[in-house]
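See below for the structure under consideration.
The values are calculated or read from the model by the stated rules, or taken from the named source; none is laboratory data. Here the structure is a predicted model, which is why all the values come from computation and not from measurement. We place every Cβ from the backbone using ideal geometry, glycine too, and count neighbours over all the protein chains shown. Heads up: the accessible areas ignore ligands, DNA and RNA and are worked out on the full protein's heavy atoms, side chains in. Shrake-Rupley method; radii C 1.70, N 1.55, O 1.52, S 1.80 Å.
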Amino acid sequence: MPLPDQRWITQPAQAQLVQQLADELNLSPLVAQVLVSRGKNSLEAAQTFLHPETWQLPDPREHFSDLTPALDCLEQAVRTGQPIAICGDYDADGMTSTALLLRTFRQLGAKASYEIPSRAHDGYGINERMVLELAQRGVSVILTVDNGIVAFDPIAKAKALGLTVIITDHHEPSPDGKLPVADAILNPKLIPVDSPFRGLAGVGVAYVLACLLAERFNQRKQLAGELLELFTLGTIADMAPLTGVNRRWVRWGLQRLPHSNLAGIQALIEVTRQGRGEAFRPDAVGFGLGPRINAMGRIDDPRVVIELLTTDFAARAKELALVCEEINRERQQLCKQIEQEAVAWLGQNPIDFAAERVLLLVQENWHHGVIGIVASRLKERYGVPVFIGSLSTTEVRGSARGIPEFHVFEALEFCKDLLAKHGGHEAAGGFSLDPANLPNLRQRLRQFATGCLKPEQLRPLVEIDACADLADLSLELMAQLDQLQPCGIGNPEPIFCSRGLQVIEQRTMGQENAHLRLTVRDKTGTRINAVAWRWGAHCPLPEQVDLAYKLRTNTWKEKTSLQLELVGARPSTC
């Protein structure tokens, strides 16, 4: 198989500025170039980025206009014993948000319960059935987490029944500016774009609310650690941008997670074999703890996760963590099967992406709980926006993932007259529609994509921070790069490229020879090992290549060495 047809974008080198920052901060020029690539073009900006704990944060009440009214409502409800219901969601963000607030209310002595809609029967977010049942149970206050910003009818129903409603969400509000008739609405999409709170996920909004509510009861110190850990877990699992306050708080949270006193987090660390007591990086959550949580909401019962994250009994937490582990294995198999079926179908039915600009793929019997993960994989494979759906006789339920130049929520809005439900944000979204509308949806998405995408943008994107010689790579450089952590959405891991490398050894490895291991050498004779996950089909690589990669360490027999993790390769251009 030929090499992937990728588009490489290399950030422009700014030698004078880079050298100035390197000298002033005592950093490698490669690390300084990464800072410049991330827009940290001054000493002050770079220092704040490297040391976010020194940043003086504004009071969130100055940015969320409804935060004080929300706190007033909740304080009164807690002090007077009014029943509060948390209405969450079945993804990792919604479940960690629900657990975070449930633990808070329990600590404060509130009468609190929770509800999460059924993915299979209800779909996303609060609905009128939930509202009616909560009212019949005597609930006085509904508090949504990670949903509610476009739930106009359910919120109106709750208000008509005399309930107090507080919405906390981070999804896009209606483009026409309409908001539900709630008593208070907290959503970072409604605050200025330059606010440090702008990138909060649903769990981030819940965290701010919980911390300030606990403060009113002089309980913030008692709750601080566990709330920060749940915030960190949900923020990374939801792939929220690790910028602004997220960067500062997640950095602290990652330091706490390995030493967590929460029984549920301890149990997850044990079943995922993460190094307890060792420093965590976001990958430990994103590829370890997070998928076990997400899997339950995708294909099983999200209440298992809520109990896992709120129980204080180690034995029960271990039981629940093992359930999450088993369901995650099932989720992995489903994703693999659906991805293989999708790739096989596209192999038999090639699509001219230059004409279509978007991939819309709908099949029967695909589990709607995991198709979002498959959409992400297909986007990475083909470099185009992906809309993938599960088809029944009466409904298509789908998920969408976008590329940088394509705004998913705006695309769904462009098609809203064809959809029964939709929601999301710039990078991802969900939707449902009548199967009879599929041909029109395909045409409408093509029309939208043609207006914002050029054919040359329809290839997998590799964004390179800096070019490097192999001799410049070292364990000392790796240690300096750790100062850029936590890395993730909005602050991706640095990607370097080296040109004109000679491939001197290469072989496939792993089950079904799915992966590739190689050794490369540059013109000075410097050699280094590299690994390329899921690149087995590209073996053998050309003898002369340009490589794009992330830096990794490999420890074998107590000896640690540097290796490259490839994200891109092309025939040598020099």
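Out of (1) out of contact with any Cys (no Cβ under 7 Å at 6 or more places or on another chain); (2) open to solvent by 10 Å² or more (accessible area, probe 1.4 Å); (3) under 27 Å from Leu242 (Cβ atoms), the odd one out for Pro455 is which?
Among (1) out of contact with any Cys (no Cβ under 7 Å at 6 or more places or on another chain); (2) open to solvent by 10 Å² or more (accessible area, probe 1.4 Å); (3) under 27 Å from Leu242 (Cβ atoms), Pro455 violates only (3).
I'm trying to understand the selection: among the residues of segment 75-98, which are in contact with a helix residue (DSSP H, G or I) (Cβ under 9 Å, 6 or more places away or on another chain) and of a type in the set (Ser, Thr, Tyr)?
Result: Tyr90, Thr96, Ser97, Thr98.
Residue-by-condition table, conditions (1) touching a strand residue (DSSP E or B) at 6+ places or on another chain (Cβ under 8 Å); (2) modelled with pLDDT under 95; (3) under 15 Å from Asp93 (Cα atoms):
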site: Arg220; (1), (2), (3): no, no, no
site: Leu228; (1), (2), (3): no, no, yes
site: Ala237; (1), (2), (3): no, yes, yes
site: Pro241; (1), (2), (3): yes, yes, yes
site: Trp249; (1), (2), (3): no, no, no
site: Gln255; (1), (2), (3): no, yes, no
site: Ala279; (1), (2), (3): no, yes, no
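For Leu562, work out the one condition from (1) among the hydrophobic types (A, V, I, L, M, F, W, C); (2) touching a helix residue (DSSP H, G or I) at 6+ places or on another chain (Cβ under 8 Å); (3) open to solvent by 40 Å² or more (accessible area, probe 1.4 Å) it doesn't fulfil.
Going through the list (1) among the hydrophobic types (A, V, I, L, M, F, W, C); (2) touching a helix residue (DSSP H, G or I) at 6+ places or on another chain (Cβ under 8 Å); (3) open to solvent by 40 Å² or more (accessible area, probe 1.4 Å), Leu562 breaks only (3).
Take the residues in segment 28-45 that are open to solvent by 30 Å² or more (accessible area, probe 1.4 Å) and in a helix (DSSP H, G or I), then tell me which one is farthest from Thr243 (Cα to Cα).
Across segment 28-45, the extreme among qualifying residues is Pro29.
Considering only residues that are farther than 19 Å from Leu475 by Cβ, surrounded by 15 or more Cβ atoms within 10 Å (Cβ to Cβ) and under 34 Å from the mean Cα position of the chain (by Cα), which ones fall in segment 502-529?
Across segment 502-529, the qualifying residues are Gln506, Thr508, His515, Leu516, Arg517, Leu518.
Look at Thr524 and say whether it is more than 15 Å from Leu3 (Cα to Cα) and outside any strand (DSSP E or B).
yes
Show the residue pairs meeting these rules: Cβ distance below 8 Å; 6+ apart or different chains; first residue within segment 249-270 and more than 21 Å from Ala317 (Cβ to Cβ); second residue of a type in the set (S, T, N, Q) and surrounded by fewer than 21 Cβ atoms within 10 Å (Cβ to Cβ).
Close Cβ pairs (under 8 Å, with a partner that is of a type in the set (S, T, N, Q) and surrounded by fewer than 21 Cβ atoms within 10 Å (Cβ to Cβ)) amount to Arg251/Gln485.
Condition (residue is touching a residue at least 40 places away in the same chain (Cβ under 8 Å), of a type in the set (Gly, Ala, Ser), closer than 30 Å to Glu229 by Cα and in contact with an Asp or Glu (Cβ under 9 Å, 6 or more places away or on another chain)) applied to segment 279-295: is it met by at least one residue?
Yes, some residue in segment 279-295 is touching a residue at least 40 places away in the same chain (Cβ under 8 Å), of a type in the set (Gly, Ala, Ser), closer than 30 Å to Glu229 by Cα and in contact with an Asp or Glu (Cβ under 9 Å, 6 or more places away or on another chain).
If you take just the helices (runs of 4 or more DSSP H) that sit entirely in segment 311-420, which of them hold at least 1 residues that are open to solvent by less than 50 Å² (accessible area, probe 1.4 Å) and in contact with a strand residue (DSSP E or B) (Cβ under 7 Å, 6 or more places away or on another chain)?
Per the criteria, 314-348, 371-382, 408-414.
Quick one: would you say Thr104 is within 21 Å of the chain's Cα centre (by Cα) and either modelled with pLDDT of 95 or more or open to solvent by 40 Å² or more (accessible area, probe 1.4 Å) (or both)?
The answer is no for Thr104.
Quick check on Gly234: is it in contact (Cβ under 8 Å) with a residue 12 or more places away in the chain, on the phi > 0 side of the Ramachandran plot and under 16 Å from the mean Cα position of the chain (by Cα)?
no
Quick check on segment 475-483. Is at least one of its residues under 22 Å from Pro12 (Cα atoms), of a type in the set (A, V, I, L, M), part of a helix (DSSP H, G or I) and without any contact (Cβ under 8 Å) to a residue 60 or more places away in the chain?
no
Taking Asp91 as meeting all but one of (1) open to solvent by less than 40 Å² (accessible area, probe 1.4 Å); (2) farther than 23 Å from Val305 by Cβ; (3) among the acidic types (Asp, Glu), write down the number of the exception.
It is condition (2) that Asp91 fails.
Among the residues of segment 49-66, what is the count of those that are surrounded by fewer than 17 Cβ atoms within 10 Å (Cβ to Cβ) and over 11 Å from Leu484 (Cα atoms)?
Selection size over segment 49-66: 10.
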